[in-house]
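Here the structure is laid out as structure tokens; the discussion comes afterwards.
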Amino acid sequence: MFISAKGITKSFGNLEVLKDIDITIDKGNIVAIIGPSGSGKTTLLRCLNALEMPEKGTITFDDNFEIDFAQKPKKSVIKTLRLKSGMVFQSYNLFPHKTALQNVTEGPLYVQKKNRQVVNELARQLLDKVGLADKLNLYPHQLSGGQQQRVGIARALAIQPELMLFDEPTSALDPELVGEVLKVMKDLANEGWTMVIVTHELKFAEQVADKVLFMDNGVVVEEGPPEQVLKNPLEERTRQFIQRIMNP
Amino acid sequence: MAKMFLNSYLYSIAADMGGWELFQNSLWPMILGGIKNTIPLTFVSFVLGMFIALLTAVMRLSTTKLLTIPARMYVSAIRGTPLLVQLFIVFFGLGSIGITIDPFPSAVIAFSLNVGAYSSEIIRASIQSIPKGQWEAATTIGMSYSQTLIRIIIPQATRVSIPPLSNTFISLVKDTSLASLILVTELFRKAQEIAARTYDFMLLYIEAAMLYWVICFILSIVQDKIEHRLERYVAR
Ligand SMILES: Nc1ncnc2c1ncn2[C@@H]1O[C@H](COP(=O)(O)OP(=O)(O)OP(=O)(O)O)[C@@H](O)[C@H]1O
Ligand SMILES: [Mg+2]
């Protein structure tokens, strides 16, 4: 066991969006989260790096880090948690006033205060890895959606996190650009990155995921290997959801 | 002494010369008033005003009442009172209770406080116009609130606020003419002084108006250039 989140509970006003959620992620594993709109997938992902503050719950990384949200955690602990995971957004959220290279160097340079030469070299390697070695000095608006999302992935990788979080990274993309982003994610999976991916791409989930979580209404209804959850779900609700996605 | 001489000189020549000559002869004193007072007053007040505005905007965006309330009151007080009254309070008002400040610095204080309040609203709105995703992206790479503000949000907000702030700047150029009423010998006061001797109000005030127009015209060209430059990272 590598990362475990226990008892994560989150409400917006009266609406309880996450109800006592437990999730464990083994090192090098890929966990895919699926579920209907509004079921709390994004919120769960955002709780994992404290972009949303759960009211309750703990997150531990191995034995060397623990954060307990019930005891209002200190800023420094929250920052440590955030640097342990890289987040890739559905809408990329690149910094529009910075070039691709600057987007990637921003974190290591100004948060982690690493040496500029080292950081530039790292950023070049990462942009090369996502297939953008020739786009270093372009601004986000000069890039296609797929290219922007790949910069987004490189930016998240640049802080050298232990965990990568993806929130529907391809759902804002034109269909013909989805493949290039999924390919980068497959490469990361093969390199042994630990990832949590919220996705509607069930085929992709089936190919890369070690574990699939089906969420509905703020709870994890079913979890297990993709062959189970996606092909022969034990729960009726899972079955209905998968059928709806497969034959809309 | 020299000033009296200049005035009587202008008076005597005005008597027996045409409007064109008066126009030419009064042009340089007015331009000088502009160079010595109008332009420095505008620039200094604007720069100080920007610092005040940024500070006020950040205070208003904070979550502690200790910061938001004074900021709101300041903005409300400045926006709710005439600029001329503010100017008179700083110069004549403070002067009458023993705090004597020279005309030029008095004008700087009044104008920078005024510009600071109005511009803080522009800056606040432009900071708020930056999508939430920018804050979140910065947060996920570990940036603190102030780092995010300085490195990510303000650079983008600056681009948004350049057009309205340029308008504020151009308005300020014209508003500095009010400083003539607290004895700052800027462009318009020069026009008034000469007009008082020659009685050629129409000619001299139109001449002053033209000079303001020229300054504002040049500034609007500069404004276009800056806006163009800042657009380099925006979708075409
Ligand atoms: N900031 C917020 N304030 C209030 N309610 C929110 C907020 N964020 C999310 N919610 C609500 O929480 C619930 C779960 O939202 P969430 O975005 O986690 O769902 P999701 O599973 O990611 O859905 P989707 O597939 O549409 O992205 C929804 O009912 C949503 O309206
Ligand atoms: Mg979502």
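Laboratory data are not the source of any read-out in this text; all were calculated from the coordinates shown. Keep in mind that what you see is a predicted model, and the values were worked out from it rather than measured. Cβ coordinates were reconstructed from backbone atoms using ideal geometry, including for glycine residues, and neighbour counts include every protein chain displayed.
If you take the charge dipole of the protein assembly as shown about its Cα centre, with +1 on Lys and Arg Cβ and -1 on Asp and Glu Cβ, which of A:Met53, B:Gln156, B:Ile182 is farthest toward its positive end? Looking along the dipole axis, the top candidate is B:Ile182.
Principal-axis analysis of the Cα atoms of chain B puts helix B:65-79 at an angle of about 30° to the longest axis. Since only B:Ser166, B:Tyr212, B:Val44 are under comparison, the one whose Cα sits farthest along the positive direction of the charge dipole of the protein assembly as shown, derived from C-beta charges on Lys, Arg, Asp and Glu, is B:Val44. Considering only Cα atoms, the convex hull volume of the protein assembly as shown works out to 205 Å³ per residue.
Take each residue in A:104-115, count the other chain C-beta atoms within 10 Å of its C-beta, and the mean is 3. Taking all Cα pairs closer than 8 Å and separated by 6 or more residues, the relative contact order of chain B comes to 29 percent. Based on the alpha-carbon gyration tensor of the stretch B:137-210 and its eigenvalue square roots a ≥ b ≥ c, which shape applies: rounded if a/c is under 1.5, prolate if not and a/b is larger than b/c, or oblate? Since a/c reaches 1.5 and a/b is larger than b/c, the shape of the stretch B:137-210 is classed as prolate. Stretched out straight at 0.36 nm per residue, the stretch from B:Lys65 to B:Phe201 would grow longer than its current Cα-Cα span by 43.7 nm.
Taken about its Cα centre, the stretch A:93-160 carries a charge dipole of roughly 140 debye when the Cβ of each Lys and Arg holds +1 and the Cβ of each Asp and Glu holds -1. Springs between Cα atoms under 10 Å define the GNM used for chain B, and in it the highest mean-square fluctuation of B:Ile97, B:Ile39, B:Ile69 occurs at B:Ile97.
With contacts taken as Cα pairs under 8 Å and at least 6 residues apart, chain A reaches a relative contact order of 25 percent. If I build a Gaussian network model for chain B, linking alpha-carbon pairs within less than 10 angstrom, which residue out of B:Ile130, B:Ile194, B:Ile218 has the largest mean-square fluctuation? The residue with the greatest mean-square fluctuation here is B:Ile218. Excluding same-chain neighbours fewer than eight residues apart, the aspartates and glutamates reachable from A:Lys27 by a Cα-Cα span under 20 Å are A:Asp62, A:Asp63, A:Glu66, A:Glu162, A:Asp167, A:Asp187, A:Glu191, A:Glu206, A:Asp210, A:Glu223. Could you tell me which of the pairs A:Lys72/B:Lys65; A:Lys84/A:Lys211; A:Lys98/B:Lys65; A:Lys129/A:Lys211 are separated by over 24 angstrom between their Cα atoms in the structure shown? Checking Cα-Cα distances, A:Lys98/B:Lys65; A:Lys129/A:Lys211 exceed 24 Å. Residues considered: B:Ser144, B:Ser129, B:Ser76. Largest GNM mean-square fluctuation over chain B, using C-alpha springs under 10 Å, is found at B:Ser144.
The modelled label-to-label distance for the pair B:Leu84/B:Thr100, using points 7 Å beyond Cα in the direction of Cβ, is 2.6 nm. The distance between label points at A:Asn115 and A:Asn247 comes to 6.2 nm (points 7 Å beyond Cα on the Cα→Cβ vector). Along the positive direction of the dipole of chain A (beta-carbon charges: Lys, Arg +1; Asp, Glu -1; about the Cα centre), which of A:Leu94, A:Val229, A:Asn64 reaches farthest? Result: A:Leu94. Using a/c under 1.5 as the rounded threshold, could you call the stretch B:78-226 rounded, prolate or oblate? The axes a ≥ b ≥ c are square roots of the C-alpha gyration tensor eigenvalues, and prolate needs a/b larger than b/c, oblate otherwise. Here the stretch B:78-226 falls in the oblate category. Counting only alpha carbon atoms, the long axis of helix B:201-230 and the longest principal axis of chain B meet at about 30°. For the stretch B:72-122, the equivalent ellipsoid derived from the Cα gyration tensor has semi-axes of 21, 11, 8 Å, listed largest first. Just to verify a number: FRET efficiency for A:Asn232 and A:Lys186, C-beta to C-beta distance, R0 = 22 Å, to 0.05? It comes out at approximately 0.35. Take the Kirkwood radius over Cα pairs of the stretch A:93-160, plug it into Stokes-Einstein at 37 °C and 0.692 mPa s, and you get 289 µm²/s for translational diffusion.
Relative contact order of the stretch A:93-160: 48 percent, from C-alpha pairs under 8 Å at least 6 residues apart in sequence. With the cut-off at under 12 Å, measuring from each backbone N in the stretch A:16-43 to a point 7 Å along the Cα-to-Cβ line of A:Glu162 picks out A:25-28. Per-residue ellipticity at 222 nm, computed for chain A from helices alone with -39500 (n - 2.57) per DSSP H run of at least four residues, works out to -10500 deg cm²/dmol. Taken residue by residue and averaged, Cβ atoms of other chains lying within 10 Å of the Cβ of A:85-94 number 3.
Set the Förster distance to 51 Å, then compute FRET efficiency between B:Trp28 and A:Ser11 from the Cβ-Cβ distance, nearest 0.05. Calculated value: 0.10. Using just its DSSP H runs of length 4 or more, each adding -39500 (n - 2.57), chain B gives a mean residue ellipticity at 222 nm of -24500 deg cm²/dmol after division by all residues. Here the spin labels are modelled as points 7 Å beyond Cα on the Cα-Cβ line, and at A:His141 and B:Ser76 they lie 3.9 nm apart. Does a label point 7 Å from the Cα of A:Thr80, set along Cα-to-beta-carbon, have any residues of the stretch A:92-116 with amide nitrogen under 17 Å, and which are they? Zone members listed by number: A:112. The convex hull around the C-alpha trace of chain A, projected and averaged over every direction, spans 13.7 square nanometres. Placing +1 on the Cβ of every Lys and Arg and -1 on the Cβ of every Asp and Glu, with nothing else charged, gives chain A a dipole about its Cα centre of roughly 900 debye.
Each Lys and Arg adds +1 at its Cβ and each Asp and Glu adds -1 at its Cβ; summed about the Cα centre, chain B shows a dipole of about 940 debye. Let me know the shape class of the stretch A:34-153, please: from the alpha-carbon gyration tensor, a ≥ b ≥ c as square roots of the eigenvalues, rounded when a/c is under 1.5, otherwise prolate if a/b is greater than b/c, or oblate. Here the stretch A:34-153 falls in the oblate category.
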